[in-house]
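The values are calculated or read from the model by the stated rules, or taken from the named source; none is laboratory data. The structure presented is a predicted model; accordingly, all values stated were derived computationally and were not measured. Quick reminder, even Gly has a Cβ in these numbers, built from the backbone with ideal geometry, and neighbours come from all protein chains shown. For accessibility, only protein heavy atoms count, side chains too; no ligands or nucleic acids. Shrake-Rupley method; radii C 1.70, N 1.55, O 1.52, S 1.80 Å.
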Amino acid sequence: MRNFKLISTLVASIFLTTAFMVEDFKALQLKYDRVQTAYDQKSEAVFALLASKHLQPSQLELYFRAIKNEKIVEIWGRNRGEEQFRHITDYAFAGYCGSLGPKRKEGDMQIPEGFYHINRFNPMSSFYLSLGLNYPNESDRILSHKVKPGSDIFIHGTNVTSGCIPITDDKIKEVYILAIEARNAGQEKIPVDIFPARLDEKSFEELKTYSKSSEYIEYWRPWLGNKIINSDAMQQFWAQLQPRYQYFETHKQLKTFKVTGNGKYVY
């Protein structure tokens, strides 16, 4: 009986500590001037937007989807326990660099492509506010440069980029608030998928043509050195991303995946 009480007390303590940490995340962020300013200026509009989509901040789960050739980040949300995401709004890239195709080396100026999640909130960023992605992910670590794959990929303010996604200081305030509310509601990882284009059949055929174009080849030549620029390999990579894109288009749910030992996304 004594052991049962001890275990019950321990479980209750862990539960309360975890709940406190989740609840306190927003409070901790609000200690930073830029976050407080964002809430002062933008929270009313952000909460009104969520209400118009029948989304509750206390139950919020988010999904970000970036489409590189359209230079937009789509924000999707659902209430915890719901199956389908619904579209909230879009944000335009304020700057862009690189070409279509994944990031493979530090300094290649590429915005990554693949499946990521937000793993850092930076309220004192050099780019006003920023949300860090877990680049390089498991696939990137296998397929990218073994010593210098690159790092520090963010969605952030300003219009400056060398491989990140900038959306201006004004708009990052809104996105940062949304991310805080989701994190505070208990979403540990906000998924961020980055696609070269909308991977429907028509766009995928256009990507095949693009990967054989002189524009594509000339961009990648300096980064690959004497290696042969293999458009088939790029098409195979994009084909790995396509099922997740298409499944979400049909079901408004995220298709689960894993990464194989050779860096491929499989379902």
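May I ask you to list the GluC sites (Glu not before Pro) in region 50-111 that are in a DSSP loop and have at most 12 other Cβ atoms within 10 Å of their Cβ?
Qualifying residues, ordered by number: Glu83.
Amide H neighbours of Ser125 under 5 Å, counting only residues 5+ apart in sequence or on other chains, H built in-plane at 1.01 Å?
Ser130
If Glu249, Glu206 are ordered by their accessible area, calculated over protein heavy atoms with a 1.4 Å probe, which sequence runs from highest to lowest?
Heavy-atom accessible area, descending, gives Glu206, Glu249.
Note the full-extension length gain between Glu82 and Arg120 as 0.36 nm times their separation in residues minus their Cα-Cα distance, in nm to one decimal.
So the chain would gain 11.1 nm between Glu82 and Arg120.
Could you list the square roots of 5 times each eigenvalue of the Cα gyration tensor of region 76-196, that is, the equivalent ellipsoid semi-axes, sorted largest first and rounded to whole Å?
So the three semi-axes of region 76-196 are 24, 17, 13 Å.
Long-range amide H contacts for Glu113: which residues qualify at under 5 Å (H placed 1.01 Å from N, peptide plane, sequence gap of 5 or more or a different chain)?
Residues meeting the criterion, in which the H sits 1.01 Å from N, are Lys103.
Which whole-Hz ³J(HN,Hα) couplings does region 159-174 yield from phi under the Karplus relation 6.51 cos²θ - 1.76 cosθ + 1.60, θ = phi - 60°, glycine and proline marked x?
10, 9, 8, 10, x, 9, 10, x, 9, 6, 4, 5, 7, 5, 4, 5
Quick one: which residues, 5+ away or cross-chain, put their amide H under 5 Å from the amide H of Ile153? H built at 1.01 Å from N.
Leu133, Tyr135
³J(HN,Hα) across region 90-105 via Karplus (A = 6.51, B = -1.76, C = 1.60, θ = phi - 60°), whole Hz, x for Gly/Pro?
With the stated coefficients, region 90-105 comes to 10, 10, 7, 4, 8, x, 8, 8, x, 10, 5, x, x, 7, 10, 7 Hz.
Ignoring ligands and nucleic acids, what accessible area does Arg244 show with a 1.4 Å probe (Å², nearest 10)?
Estimated to the nearest 10 Å², Arg244 gives 20 Å².
Report the residue, chosen from Ser126, Ser144, Ser211, that carries the largest GNM mean-square fluctuation when the chain is represented by alpha-carbon nodes joined by springs under 10 Å.
Ser126
Give me the one-decimal nm value for the distance between modelled label points at Asp90 and Glu44, 7 Å along each residue's Cα-to-Cβ direction.
It works out to 2.8 nm between the two label points.
Under 9 Å from the Cβ of Ile118, count the other residues' Cβ atoms, weight Lys and Arg +1, Asp and Glu -1, and hand me the total.
Local charge sum for Ile118: +3.
Ignoring ligands, DNA and RNA, please state the percent of accessible area on the chain from carbon and sulfur, probe 1.4 Å.
54
Determine ³J(HN,Hα), in whole Hz, for all residues of region 43-58 in sequence, where each value follows from phi through the Karplus function 6.51 cos²θ - 1.76 cosθ + 1.60 and θ = phi - 60°; x replaces Gly and Pro.
Each residue's phi maps through the Karplus curve to give 4, 4, 5, 5, 5, 5, 4, 4, 4, 5, 9, 6, 10, 9, x, 6 Hz.
So what does the Cα-only Debye profile of region 138-267 read at q = 0.19 Å⁻¹, as log10 I(q)/I(0), no solvent term?
For region 138-267 at q = 0.19 Å⁻¹, log10 I(q)/I(0) is -1.44.
For region 144-194, just run the numbers: alpha carbon Rg, then divide by 2.2 N^0.38 Å, N being how many residues it has.
So the Cα radius of gyration is 1.37 times the expected 2.2 N^0.38 Å.
So if R0 is 22 Å, what FRET efficiency would Lys208 and Lys146 give, r being the distance between their Cβ atoms, rounded to the nearest 0.05?
0.15
Note the per residue figure in Å³ for the convex hull of the C-alpha positions in the chain.
Value for the chain: 160 Å³ per residue.
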